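Below: one structure, written as structure tokens.
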Amino acid sequence: MENPYDPVDQTGVIIEGLDIGKVVCEIQDKGFCVVEDFLDLTLLQRIRDSFNGEVPITEMRAIGTDSGRTWRAHNLLAKTRAADEVFLDPRLRSIVDGVIGKYNQVNVTTLFNTLAGETKQFLHQDDGLWPIPRPHPSFLCNALFAFDDFTKANGATHLVPFSHQWNKPVDQSVDSIQVEMRSGSVVFWEGGMWHAGGANTTEDEERMGFFISHQVSYLRPQEIQLLSVPPEVVKQMPRKLQRLLGYHSFGIGVDGRDPLDVLEDGVVVSPDARLATDWRSRY
């Protein structure tokens, strides 16, 4: 019997000229895949403008560094509608489904800007936050979109190829590659891949990126989307995006009701519910 939580077979699936099955296979095999020119430059500029003028910054450091040379903004879906279509892009959705299965939701959303003088992060695995023994099925799929050209000099992300298949920590001196790519491109990687933000050794260049992480829906996300995004904001979103925030039934739902129905009417007790005395009177 087919397991509904298994990755979706995307063999032969082509969306907007992109071979989805090939991308998924590359992620599953070596742990990552770069897709050049994924984002339309007009959309990219709109998100960049939102980051600069609309989105409050919540941190001034990169995890694992002390320089304070990286600006970060989390919880983006509560702060701007500029990037909604990225989350709903059919290519992104199909790639995530192919890596971790169709029952997935948004884990983390981050805009960051790495400034000149930032130091290199330590190598880490994003799926290491969940204490699940290795080896285990893929349950995390990350996407990092380049808003500036990513170069070795300005701190392009370090990845350790095939390391998502390793079952023990890596030495921090292990060989890695840096993902250099043009603005508008994206790198996908499996959540067990060892990776790190690079050092920005330039004098004045910035490196802006947009990070989206998805996880299987039966694990708790790092960003608690059900609390992070106010209900009045969620109600303005397309239904598919609402589902990606966690408004989906996982067994019982809300007293047997679809969470989106409850979001709309606020009724947390099923209209079909009766007191015990009422049920007994029927027998």
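The values are calculated or read from the model by the stated rules, or taken from the named source; none is laboratory data. Bear in mind that the values here come from a model prediction, so they are computed numbers and not experimental data. All Cβ positions, glycine included, derive from the backbone under ideal geometry; neighbour counts span all protein chains shown.
Surrounded by fewer than 18 Cβ atoms within 10 Å (Cβ to Cβ) and at pLDDT below 90: is that true of Ile63 in this structure? Considered against the rule, which asks whether it is surrounded by fewer than 18 Cβ atoms within 10 Å (Cβ to Cβ) and at pLDDT below 90, Ile63 comes out as yes. Only residues that are modelled with pLDDT of 95 or more, over 17 Å from Gly101 (Cα atoms), touching a strand residue (DSSP E or B) at 6+ places or on another chain (Cβ under 9 Å) and of a type in the set (Val, Ile, Thr) were counted across region 1-47, and they come to 2.
Matching residues to (1) polar (S, T, N, Q); (2) closer than 21 Å to Gly246 by Cβ; (3) outside the structural domain of Asp19 (by TED's automatic domain parsing); (4) not in a loop (DSSP other than H, G, I, E, B):
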position: Val86; (1), (2), (3), (4): no, yes, no, yes
position: Leu92; (1), (2), (3), (4): no, yes, no, yes
position: Asp97; (1), (2), (3), (4): no, yes, no, yes
position: Glu118; (1), (2), (3), (4): no, no, no, no
position: Gln121; (1), (2), (3), (4): yes, no, no, no
position: Gly128; (1), (2), (3), (4): no, no, no, yes
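Set side by side, the residues Phe188, Phe145, Phe162, Phe139 differ, and just one is over 19 Å from Asn107 (Cα atoms) and of a type in the set (Phe, Trp, Tyr), which is Phe162. If you go through region 180-215 and pick out every residue that is small (Gly, Ala, Ser), touching a helix residue (DSSP H, G or I) at 6+ places or on another chain (Cβ under 9 Å) and over 25 Å from Ser50 (Cβ atoms), you end up with 2.
All conditions in (1) closer than 23 Å to Glu223 by Cβ; (2) within 18 Å of the chain's Cα centre (by Cα); (3) surrounded by fewer than 20 Cβ atoms within 10 Å (Cβ to Cβ) hold for Pro90, with the sole exception of (1).
Go through Gln225, Gln236, Gln242 for me and flag whichever is out of contact with any Leu (no Cβ under 9 Å at 6 or more places or on another chain) and under 24 Å from Gly266 (Cα atoms). After ruling out the rest, the residue left standing is Gln236. Name the residue, out of Ser183, Ser176, Ser163, that is under 18 Å from Ile27 (Cβ atoms), under 20 Å from the mean Cα position of the chain (by Cα) and assigned by TED's automatic domain parsing to the domain that holds Asp49. Exactly one of Ser183, Ser176, Ser163 is under 18 Å from Ile27 (Cβ atoms), under 20 Å from the mean Cα position of the chain (by Cα) and assigned by TED's automatic domain parsing to the domain that holds Asp49, namely Ser163. The combined condition, being crowded, with 19+ Cβ neighbours inside 10 Å and not in a loop (DSSP other than H, G, I, E, B), is not fulfilled by Gly192. Here is the figure for region 234-283: residues that are of a type in the set (Gly, Ala, Ser), surrounded by 10 or more Cβ atoms within 10 Å (Cβ to Cβ) and more than 30 Å from Ala83 (Cα to Cα) total 3. Screening region 202-263 for helices (runs of 4 or more DSSP H) wholly inside it with 1 or more residues that are without any contact (Cβ under 8 Å) to a residue 12 or more places away in the chain and either at positive phi or not hydroxyl-bearing (Ser, Thr, Tyr) (or both) returns the ranges 225-228, 231-234. Only one of the listed residues (Pro135, Pro161) is modelled with pLDDT under 95, more than 30 Å from Leu241 (Cβ to Cβ) and touching a helix residue (DSSP H, G or I) at 6+ places or on another chain (Cβ under 9 Å). That residue is Pro135. Looking only at region 135-154, residues that are in a loop (DSSP other than H, G, I, E, B), over 21 Å from Glu118 (Cβ atoms) and not aromatic (Phe, Trp, Tyr) come to 4 in all.
Can Asn113 be described as part of a strand (DSSP E or B), in contact with a Phe, Trp or Tyr (Cβ under 6 Å, 6 or more places away or on another chain) and assigned by TED's automatic domain parsing to the domain that holds Thr202? Answer is yes for this residue.
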